[in-house]
Amino acid sequence: MWRRMSLLRKMMEQLGIEPERLRVVWVSASEGEKFANEVRDFVEKLKSLGPLKMYEPSR
Amino acid sequence: MSRPKVAIYWAASCGGCDTKILDTDEKLLDIAAAVDIVFWPIAMDFKYADLEKFADREIDLTIINGAVRNSEQEHIVKLLRRKSKVVAALGACAVSGGIPGLANQFTADEMLDYIYRKTLTTEPNSQPPKTETETEDGVLTLPKFYNTVFSLPQVIDVEYFIPGCPPPPSLIAKALELFVAGELPPPPAFVVGDKSVCDECPRERTGKFEVKQWKRLATHQPEQSNKCLLEQGFLCLGPATPSGCGALCPKANMPCEGCMGKSQDVVDRGAKFISTIASLYPAKTEEEIKKMLDEIPDLVGTLYRFDLPSSVLRGKVKKS
């Protein structure tokens, strides 16, 4: 799984998308607090990065 | 009963697709006898003005190869669309952007600056071409070089797709024969085989994939054997590519680069192929994963060599 995520992260980076926008976390259904903390932390991270900029075709 | 009118045009193209039309050999003679070629820049002397004279939809079939990346190409493919009943995209560039599509990782300014000023063998003080240049004889104009490379369906409606870089002459001949017989399938349709390149490839697969190292032709020789190239550790895209080419490249010791495009049930082939790469390589530790990543220096080029413009991400995001 880490191999796939690392490859995806490398591809994103090469195409100008911040690799921090991809996060993989292992959380089970019984780890409610951990899940909430991870999501909260990730949302803060994303807000600090700003809106995702996708490739815009232009002439 | 007049013969059907056929136009053939090249946009951002290397000329290879046109040579493959000629490589249909004797079949071309039958086709040429059955149709009236009204426009074919590489081979015939018709002008743009001749195209303008056609009524809308008067041309029965227009075959366009090459991607769209400047204002002239966009103008002419749109003109041809108006004047044609049916349009077929010929070759990887028209179908999905092709090799020129890799330029979506750069802006026009970055490219022109590098090509005209910064390559090793370029004189200093060279100037990139401009859309208008004043000379003593008047103003010379050039088409505008776009930032983005577009595949043909991203610019006009396209009914038929004949992929490949270049497309196999057998598929070109098949498409033209179906057209002449009035038996083209309902659009949109891709003229490809219904299996993958692996099914056409004569190499031996043991089914044991334990790639110790990803190899590239730049640095490694394939084995002197009939062993599957993917099993040898080369990034052969055969499993992810539709058949129809006869696996020409693997037969010649070259890993498939995926020029025949993607199968229709996959949204983004590059992203999907990441799973294949990951599943074949037994890296577990962070160190082993880093080694795996270092063995594929240009991941985007490997995954999207022929179809970056038509992938989900489409190109490289510019830093603002």
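Coordinate-derived values only; no laboratory data. Everything numeric in this text was worked out from a predicted model, so none of it was measured. In this analysis, Cβ positions are derived from the backbone assuming ideal geometry, glycine residues included, and neighbour counts consider all displayed protein chains.
The ranking of B:308, B:230 from fewest to most other beta carbons within 10 Å of each one's beta carbon is B:230, B:308. The Cα-based radius of gyration and maximum Cα-Cα distance (Dmax) for the range B:143-197 are 14.0, 41 Å.
Think of each Lys and Arg Cβ as +1 and each Asp and Glu Cβ as -1; about the Cα centre, that makes the dipole of chain B roughly 800 debye.
Using Cβ point charges alone (K and R +1, D and E -1), the dipole size of chain A about the Cα centre works out to roughly 300 debye.
Computed per residue of the protein assembly as shown from DSSP H runs no shorter than four, each worth -39500 (n - 2.57), the mean residue ellipticity at 222 nm is -9000 deg cm²/dmol. Here, the protein assembly as shown yields an orientationally averaged convex hull projection of 25.4 nm² when only Cα atoms define the hull. Within a straight-line Cα-Cα reach of under 20 Å, residue B:318 can be paired with the following aspartates and glutamates, leaving aside sequence neighbours fewer than 8 residues apart in one chain: A:13, A:18, A:20, A:56, B:109, B:110, B:113, B:298, B:307. The residue list B:116, B:105, B:143 was ranked by how far each Cα lies along the charge dipole of the range B:104-145 toward its positive end, using unit charges on Cβ atoms, and B:105 comes out on top.
The order of B:17, B:245, going from fewest to most other C-beta atoms within 10 Å of their C-beta, is B:245, B:17. For chain B, take the longest principal axis of its alpha carbons; what is the angle in degrees between that and the long axis of helix B:71-83, to the nearest 10 within 0 to 90? That works out to roughly 70 degrees. Give me the distance between the Cα centres of the range B:133-148 and the range B:93-128, rounded to whole Å. When both Cα centres are located, 17 Å separates them.
Starting from the Cα gyration tensor of the range B:104-145, take the square roots of the eigenvalues, sort them a ≥ b ≥ c, and report rounded, prolate or oblate (rounded when a/c is under 1.5, otherwise prolate if a/b is larger than b/c, else oblate). Note, shape of the range B:104-145 comes out oblate.
Placing unit charges on each Cβ (+1 for Lys and Arg, -1 for Asp and Glu) gives chain A a dipole about its Cα centre, and among A:16, A:46, A:1 the Cα reaching farthest toward its positive end belongs to A:16. Within straight-line reach of residue B:5, meaning a Cα separation under 18 Å, sit the following aspartates and glutamates at least 8 residues removed in sequence or on another chain: B:18, B:30, B:36, B:45, B:50, B:52, B:56, B:58, B:60, B:159, B:177, B:183. With the convex hull drawn over the C-alpha atoms of the range B:225-320, the volume per residue is 122 Å³.
Looking at chain A, the chymotrypsin sites (Phe, Trp or Tyr not before Pro) that sit in a DSSP loop and have at most 13 other Cβ atoms within 10 Å of their own Cβ are A:26.
The GluC sites (Glu not before Pro) of the range B:175-270 meeting both criteria, a DSSP state outside H, G, I, E and B (loop) and at most 10 other C-beta atoms within 10 angstrom of the site's C-beta, are B:183, B:210. Convex hull volume per residue, computed on the Cα atoms of chain A, equals 93 Å³. Kindly identify chain B as rounded, prolate or oblate by the Cα gyration tensor criterion: order the square roots of the eigenvalues as a ≥ b ≥ c, call it rounded if a/c is under 1.5, otherwise compare a/b with b/c, prolate if a/b is larger, else oblate. Cα axes put chain B in the oblate bin.
When the GluC sites (Glu not before Pro) in the range B:61-147 are filtered for DSSP coil states and for at most 14 other beta-carbon atoms within 10 Å of their beta-carbon, the remaining sites are B:136. Could you list, in their original order, any pairs among B:215/B:291; B:212/B:316; B:251/B:290; B:272/B:319 whose Cα atoms are separated by more than 23 Å? Check vs 23 Å cut-off fails for B:212/B:316; B:251/B:290; B:272/B:319. The charge dipole of the range B:104-145, taken about its Cα centre with unit charges on the Cβ atoms of Lys, Arg (+1), Asp and Glu (-1) only, comes to about 220 debye. Less than 5 angstrom separates the built amide H of residue B:148 from those of A:58, all sequence-distant by 5 or more or on a different chain.
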